[in-house]
Structure formats: C-alpha cells, structure tokens
Amino acid sequence: MSAKASDSMQTTTELLDQTENSLLECKVCFEKYNQQKKRRPRNLPCGHVMCLECVTSLAHPRSLKLECPFCRRACKSSETSDCLPLLHLMEILSSSPNSVPVSGRTVGAAEDVVMPASQVLTFHLSFGGWGTLVNPTGIAVCQRSACLAVAHDGKKRIKLFSFNGRVIQQFGERGQAGNDIRYPTDVTITLDGHIAVTDSGDRSVKVFDFNGRGKLVISESFGLPWGLDTTPQNDVIMTDSVAGALYRLTADFKRGELKGVEKLCSNLCDPRKVAVSQASGAIAVIEHSVAQGPSCGCTMLKVFAADMQLISQVDTFGLNLVFPSKIYASDVTFSREGQVIVTDGYNQAVFCLGKPEEFPMCKPIITQGLSYPLALAFTPDSSLIVLDGGDHSLKVFTAS
C-alpha cells in the first residue's frame with residue numbers, strides 16, 4: 001500500500017472516530033446512540049438532540065414536561081421525535097457486505113414472516129430511498145393499472161411507481177396555485193383511476209387524472225384533512241383530524257363535478273389514517289389521544305360497518321393485554337380476507353389484528369427490516385407494500 005493511500009485511510013478512520021464521538025453519542029449521558037428504543041436519538045423542538053432514555057429521565061412524571069439541558073427551552077416529551085438524519089448516518093456507518101440485518105435496516109435477503117390464514121410473506125425488494133422520495137406520507141395501490149402512488153415532500157408531490165420500482169409518472173407541483181400541492185398527508189386511487197390527495201397546506205382534497213391534470217379541488221371548510229381511502233361505490237372517505245370528523249366525498253371524478261360532502265361521524269378524537277374494506281365496505285379509523293407516556297400517546301382503532309354502526313374497537317392498552325409491547329398504530333388496511341393489518345412505527349413492525357369480531361388479538365407479521373413504517377397497502381396478488389419513513393423507501397413482501 002502506498003504512503004498516500006495509507007494517509008488517506010488514516011484520515012478516513014479519524015473522521016469516522018470524530019463523527020462517532022461528536023455526533024453519535026448523547027451529550028447528556030454520553031452513551032452511544034443506537035437503533036434500540038432507549039438509546040434512539042430524539043429531536044427536541046428547540047433542535048437539540050438527546051437519547052430517549054434521557055428524555056424520559058428529565059421529564060416530570062406527571063406533566064411529562066422537561067427543559068432542554070442546553071438551552072432551557074421547555075417542551076413535552078410527546079413533542080420529541082426520532083432524529084432521522086442521525087439514524088440514517090448510523091445505518092450508513094454500520095453497513096457492510098457481511099453485516100447482519102438488524103431492526104431498522106433494509107433486509108437484503110429473503111426473510112420469512114408469519115402471515116394469517118396460513119400465508120407466508122417473504123421480503124422481495126426495496127425501492128425509492130432518499131432523493132427519489134422525500135419524507136413520504138401515504139401510499140395507494142391502483143388495482144386496475146397495477147401501479148402505486150406515493151405522496152411525499154419532493155418538488156413533484158405525487159410519484160407513480162410500477163410494482164418493481166420503476167417510476168412511471170410524477171406530478172403535483174409544490175406551490176400556491178389552485179392545483180399545486182402544498183403539503184400532502186395521504187393519497188388514494190379511485191376505482192376509475194383518479195388520484196385524490198389531502199393537502200393540509202390549504203385544507204383541501206385535490207383530484208388528478210393519471211397524467212397529472214387537475215380535475216377537482218374540494219374545500220368545504222375542513223379543519224385538517226388527513227386520511228383517505230376509496231369505497232366499493234367509488235366514493236372517497238376522508239378523516240378531518242382537527243374537526244374529529246369522518247366524511248364521504250361523492251363526485252364524478254372524470255367530469256370534475258362534486259356531488260356531495262356527507263359527514264358520517266363527528267365525535268372522533270384526532271382521526272388520521274383510514275381504510276375501507278373492498279369486500280364489505282367496513283371502515284377502519286385510527287384515533288390519536290393525548291400522550292400518556294414519554295414518547296407516544298395512545299391510539300384507538302375503530303371499525304364501522306358500511307352503515308356506520310360501530311363493529312369493534314381496540315386501543316393501545318387493550319392490545320397490550322395480548323401482546324407484551326404497547327402498539328401505536330400509524331396506518332391501517334384490510335386484507336382480502338377482511339383481516340385488519342396495522343403498521344407500528346414505535347415497534348418498527350406490522351401486525352395483524354384479525355377480523356374486527358376477533359378483537360383483541362395481535363400477531364406480528366413483519367418484525368425486521370423496517371425503520372419507521374408509516375403506511376401499507378396490498379397489491380392484487382396479495383403482496384404487501386410497506387412505506388418506511390425511516391429510509392424513505394417502499395418495501396415489498398410477497399405471498400408464497
């Protein structure tokens with residue numbers, strides 16, 4: 001090895017050591033950050049970072065408030081969030097051809113997971129990633145065209161992928177014009193091939209065709225439109241997080257004509273993601289309550305029949321009776337058999353809760369290879385696509 005190459009390697013090693021010492025350790029307890037829950041780096045609202053263990057230790061046991069030890073700005077522990085840049089940096093530094101998959105990393109080889117109804121899901125592929133996707137928030141599958149729509153924070157807010165990861169189309173300019181998308185929170189694809197997006201920037205729902213042409217803007221004094229899904233009748237179901245409401249939007253999407261906005265429910269607690277069973281028309285809604293712990297609040301999953309009669313409900317604490325770790329649902333969907341499947345960003349996993357009449361039950365179906373699962377959707381062949389906000393990617397698990 002030449003002296004120049006040796007010096008370069010030594011410089012690189014020194015830079016890595018400095019990075020680990022200056023960036024990858026908590027400046028409160030001086031422990032190294034890692035992917036495990038206690039030592040995960042957490043952002044405070046002021047911009048400083050410390051590990052979750054220190055956030056928990058510094059928070060008042062009743063009010064859950066703490067002062068930043070660096071700038072003394074007060075905040076609640078529930079206002080902290082994962083420091084994604086540091087998590088990404090740890091993943092880059094720890095990656096090697098022979099490394100063993102750990103929680104929060106993309107699985108590089110086939111991995112079997114238990115699936116309900118005697119089905120097995122095997123990791124198939126991952127695509128997207130930072131740059132291709134930026135802070136993605138929602139996904140939807142088009143059963144007719146065999147493609148996937150992703151809402152994210154890039155210059156073009158909507159991206160269409162084939163199921164093998166090829167970019168087909170992108171549209172939805174970032175801007176202030178009528179058909180521009182300021183901040184997308186979710187996306188759905190109607191049965192006649194139109195793409196509806198909730199835009200929390202101007203509190204509206206915007207509908208596009210597959211070529212990205214704006215067809216309709218629905219703005220009915222919504223508080224904060226959030227989750228979307230399509231019914232078997234080709235209506236769109238939407239949650240309003242601020243109003244605590246669930247709406248049915250009826251329209252002729254091809255002509256761009258709104259036919260009606262019906263409030264189905266108005267007593268929900270911060271409803272966000274929603275899913276509709278294409279078999280039964282049942283509607284599943286995830287509610288979010290005030291934080292009760294150091295990092296997460298409680299989520300409640302409610303399932304309504306098509307006529308809005310409550311079928312079943314279960315919350316974080318109810319699931320904790322049948323599963324050892326608390327589950328905080330971030331998204332929900334229905335399998336073809338009518339089982340309820342949820343993502344859990346806190347446990348970095350995907351769970352099957354069974355059919356609504358079987359609550360409470362809980363079976364983990366994906367427990368490795370996910371960093372921060374935000375959304376999920378089934379393809380026509382029952383493959384499961386998971387949106388991982390931790391590495392801005394889409395991960396496909398196929399049925400075998």
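The values are calculated or read from the model by the stated rules, or taken from the named source; none is laboratory data. Quick caveat: nothing in here was measured; it's all calculated off a predicted structure. Note that each Cβ is placed from the backbone with ideal geometry, even for glycine, and that neighbours are counted across all protein chains shown. Keep in mind that these areas ignore ligands, DNA and RNA; they rest on the heavy atoms of the full protein, side chains included. Shrake-Rupley method; radii C 1.70, N 1.55, O 1.52, S 1.80 Å.
Taken together, the residues in region 61-81 that are hydroxyl-bearing (Ser, Thr, Tyr) and either touching a strand residue (DSSP E or B) at 6+ places or on another chain (Cβ under 7 Å) or at pLDDT 85 or above (or both) amount to 3.
Candidates in region 61-82 are the residues that are in a strand (DSSP E or B) and hydrophobic (A, V, I, L, M, F, W, C); of these, the one that is surrounded by the fewest Cβ atoms within 10 Å (Cβ to Cβ) is Ala74.
Counting only strands (runs of 3 or more DSSP E) that fall entirely inside region 173-290 and contain at least 3 residues that are closer than 22 Å to Leu160 by Cβ and modelled with pLDDT under 95, no element qualifies. Considering region 132-172, and only residues there that are more than 19 Å from Arg182 (Cβ to Cβ), assigned to a loop (DSSP other than H, G, I, E, B) and in contact (Cβ under 8 Å) with a residue 40 or more places away in the chain, the residue that is least open to solvent (accessible area, probe 1.4 Å) turns out to be Gly165.
In region 305-327, the count of residues that are within 27 Å of Val150 (Cβ to Cβ) and either in contact (Cβ under 8 Å) with a residue 40 or more places away in the chain or out of contact with any Leu (no Cβ under 9 Å at 6 or more places or on another chain) (or both) is zero.
Quick grid of which residues meet (1) open to solvent by less than 10 Å² (accessible area, probe 1.4 Å); (2) at negative phi; (3) without any contact (Cβ under 8 Å) to a residue 12 or more places away in the chain:
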position: Ser219; (1), (2), (3): no, yes, no
position: Leu224; (1), (2), (3): no, yes, no
position: Thr231; (1), (2), (3): yes, yes, no
position: Gly244; (1), (2), (3): yes, no, no
position: Leu249; (1), (2), (3): yes, yes, no
position: Lys254; (1), (2), (3): no, yes, no
position: Asp270; (1), (2), (3): no, no, no
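Residues checked against (1) in contact with a strand residue (DSSP E or B) (Cβ under 8 Å, 6 or more places away or on another chain); (2) on the phi > 0 side of the Ramachandran plot; (3) outside any helix (DSSP H, G or I):
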site	(1), (2), (3)
Gln313	yes, no, yes
Gly318	no, no, no
Val322	no, no, yes
Ile327	yes, no, yes
Ser330	yes, no, yes
Thr333	yes, no, yes
Cys352	yes, no, yes
Pro364	yes, no, yes
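Evaluating Thr299 against the criteria (1) among the hydroxyl-bearing types (Ser, Thr, Tyr); (2) surrounded by fewer than 22 Cβ atoms within 10 Å (Cβ to Cβ); (3) within 30 Å of Cys54 (Cβ to Cβ) leaves one unmet condition, (2). Cβ-Cβ distances below 7 Å connect no pair with a first residue in region 334-357 that is more than 30 Å from Lys38 (Cα to Cα), a second residue that is among the acidic types (Asp, Glu) and open to solvent by less than 20 Å² (accessible area, probe 1.4 Å), and a separation of six or more residues or different chains. Is it true that Asp180 is charged (D, E, K, R), open to solvent by less than 10 Å² (accessible area, probe 1.4 Å) and closer than 21 Å to Phe222 by Cβ? When the stated conditions are applied, Asp180 does not pass them.
Of the residues making up region 130-147, those that are in contact with a Gly (Cβ under 9 Å, 6 or more places away or on another chain) and on the phi < 0 side of the Ramachandran plot are Thr132, Leu133, Val134, Pro136, Thr137, Gly138, Cys142, Arg144, Ser145.
In this structure, does Val342 turn out to be at pLDDT below 95, crowded, with 20+ Cβ neighbours inside 10 Å and in a strand (DSSP E or B)?
It is false that Val342 is at pLDDT below 95, crowded, with 20+ Cβ neighbours inside 10 Å and in a strand (DSSP E or B).
Is at least one residue of region 349-356 open to solvent by 20 Å² or more (accessible area, probe 1.4 Å), touching a Phe, Trp or Tyr at 6+ places or on another chain (Cβ under 9 Å) and over 21 Å from Thr239 (Cα atoms)? No, region 349-356 contains no residue that is open to solvent by 20 Å² or more (accessible area, probe 1.4 Å), touching a Phe, Trp or Tyr at 6+ places or on another chain (Cβ under 9 Å) and over 21 Å from Thr239 (Cα atoms). Can you name the residue in region 372-400 that is small (Gly, Ala, Ser) and either free of Cβ contacts under 8 Å to residues at least 60 places away in the same chain or not in a strand (DSSP E or B) (or both) and is also surrounded by the fewest Cβ atoms within 10 Å (Cβ to Cβ) among such residues? So, considering only residues that are small (Gly, Ala, Ser) and either free of Cβ contacts under 8 Å to residues at least 60 places away in the same chain or not in a strand (DSSP E or B) (or both), the one surrounded by the fewest Cβ atoms within 10 Å (Cβ to Cβ) is Ser400. Restricting attention to region 36-60, the residues that are at pLDDT 80 or above and part of a loop (DSSP other than H, G, I, E, B) total 10.
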